[in-house]
Amino acid sequence: MADRPEPAEIRWHAFLSHSSRDRQAVARIQRFLERYRLPDGSHLRVYRDETDIAGGELPDQLRSALSHSGCLVVCCSPAAAASRWVAREIDAFRQLAPQRPLVPVLLAGETPANLPPPLRGDELRLSDLRGRLPASLLWGKRRAELVRVLAKVAGIDFRLLLPLDRRRRRRNLLIAAAAVAVGLGAAASIPVEAWDDVTPPRARVFGCDTLDDGIALFDLNEPQAIKNIVSVHRNALGGGSPRAARLADVLPRGRLLPGGVSDAIGQRCRGSRRDWVGEPEPGVCVRLSESEQLGDFADPMGGGQAPWTDVSVGGRSALLERFWSRIDPASWQDYGTRQHPSDGLPVAASGNDLWLGFPASEFSRGGLWHSADAGANWQASQRITDVRSVRQLAIGLVVAGRRDGELGFFVRREGGFERLQAPGKGAQLEVCGELDGQPVLRADRRIYRRTTAPWWRTRIA
């Protein structure tokens with residue numbers, strides 16, 4: 001009788017013998033064995049060959065790996081029972097390392113029919129890993145079976161390893177739950193942008209403007225057709241008590257008004273009844289008037305000629321290539337001071353930067369004009385049309401108008417205008433101003449102020 005060969009030096013703790021049809025389940029077993037931290041802090045080394053053997057004898061590489069493995073883990077299934085190469089790996093391991101253990105695991109099917117032929121008749125305890133292995137890696141009976149396999153491969157008493165594993169799992173689950181709770185708490189406290197409805201109770205707001213001490217809200221009184229009979233809520237959003245005031249007490253910063261109306265409410269900037277005048281900043285007087293220069297225009301009625309517009313800022317005049325007929329204040333003359341400041345032409349100023357806005361009309365889409373040199377030269381913005389309101393705020397220039405035909409609020413950035421995520425539902429949009437550096441906007445009869453709040457407290461206005 002030939003002597004048994006001496007076992008080679010152990011390089012891998014286990015060799016996984018399996019059919020290629022079971023490669024996904026076997027790969028999960030390999031990951032579990034290799035990633036598990038043993039009580040001494042070490043990890044297992046596992047050999048798994050992914051080559052499909054088409055014929056002939058076992059390659060020398062596999063024979064070498066078998067001889068240097070501490071045990072053979074046989075993954076049993078119908079495919080493995082029908083595989084000649086699983087049987088040859090078992091025979092080769094018994095020949096090369098006869099004193100080392102075999103560890104059979106059952107992946108599918110029933111015994112003994114689904115055992116490879118060399119194992120049939122042997123009294124071996126199988127670890128039952130049938131079922132969905134990803135779920136079995138977490139808890140329960142299949143987890144215990146995996147730990148049993150690991151104990152055999154590592155040479156550790158299963159009765160000692162299983163309680164250690166369960167304590168570790170409970171500790172890890174508690175740590176994970178605490179981490180999730182901390183993460184949710186941190187996420188809940190992250191401030192996000194929100195908009196608070198700050199409309200005063202029982203107010204019927206139809207306009208707004210910026211005052212030196214806060215925001216003016218124009219509250220409509222009876223009869224509604226006479227708009228100059230208003231209640232002005234001074235500093236209503238800044239913590240002060242609303243109080244009524246005459247329209248003549250409000251010097252609008254965000255609108256140009258016809259000269260006759262400006263005189264009636266006591267504005268310091270004066271002009272003729274056909275001029276549009278306003279004071280967007282203290283001491284900065286802006287006046288639009290009809291130019292003597294004519295320009296050609298076309299419209300569905302056949303077109304013709306109309307005068308351009310002269311813009312005067314602090315005595316400096318410039319020609320605005322904008323048809324005067326499109327901003328004729330005749331409707332103001334018809335109603336006199338029954339109009340209110342929110343009916344004027346939008347204007348904004350910040351240093352040498354001036355902005356003029358024009359709403360859409362029957363013959364024009366309106367638009368936005370900008371001067372970067374205190375009114376000496378003007379350029380039109382092609383992206384924003386039908387401008388309802390414009391103001392320079394701490395976050396930048398904010399415009400209520402249309403971009404690509406869509407009505408909303410837009411803020412000017414370096415690359416152009418981007419939509420401000422603000423309440424924009426309504427036919428009447430207006431930028432009122434700001435309080436404590438935060439924008440205040442009007443959408444129809446409601447007033448909104450931007451704020452920050454935890455994400456779970458935010459709502460869409």
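A short reminder: the numbers here are calculations on the coordinates, not readings from a lab. Every value quoted in this text rests on a predicted model; they were computed, and no experiment measured them. With ideal geometry, Cβ positions are generated from the backbone for all residues, glycine too; neighbour counts draw on all protein chains shown.
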If the chain between ALA144 and LEU124 were fully extended at 0.36 nm per residue, the gain over the current Cα-Cα distance would be 5.4 nm
Integer Hz, Karplus 6.51/-1.76/1.60 couplings in order for segment 30-45, x for Gly and Pro:
4, 4, 4, 5, 6, 8, 6, 8, 6, x, 8, x, 8, 10, 7, 10
Amide H of LEU320: which non-local residues (sequence gap of 5 or more, or other chain) have their own amide H closer than 5 Å, using H built in the peptide plane?
THR309, ASP310, VAL311
Among LEU72, GLN61, VAL86 the positive-end extreme of the charge dipole of segment 19-105 (Cβ point charges):
LEU72
By the C-alpha gyration tensor axes a ≥ b ≥ c (rounded if a/c is under 1.5, else prolate when a/b exceeds b/c, else oblate), the shape of segment 362-432 is oblate
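DSSP loop (so not H, G, I, E, B), at most 11 other Cβ within 10 Å: list which trypsin sites (Lys or Arg not before Pro) in segment 18-112 pass both filters. Walk me through the numbers before you get to the answer.
Numbers: sites: ARG21, ARG23, ARG28, ARG31, ARG35, ARG37, ARG45, ARG48, ARG63, ARG84, ARG88, ARG94; in loops: ARG37, ARG45.
Those satisfying the criteria are ARG37.
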Other residues with Cβ under 13 Å from the Cβ of ALA176 give, with Lys and Arg +1 and Asp and Glu -1, a net charge of +4
Amide H within-cut-off set for ASP49, under 5 Å, with H built and near neighbours excluded:
LEU16
Vicinal HN-Hα couplings computed from phi for segment 195-202 (Karplus, 6.51 cos²θ - 1.76 cosθ + 1.60; Hz; Gly/Pro x)
10, 9, 7, 10, 5, x, x, 6
Built amide H within the under 5 Å cut-off of LEU211, gap 5+:
ALA216
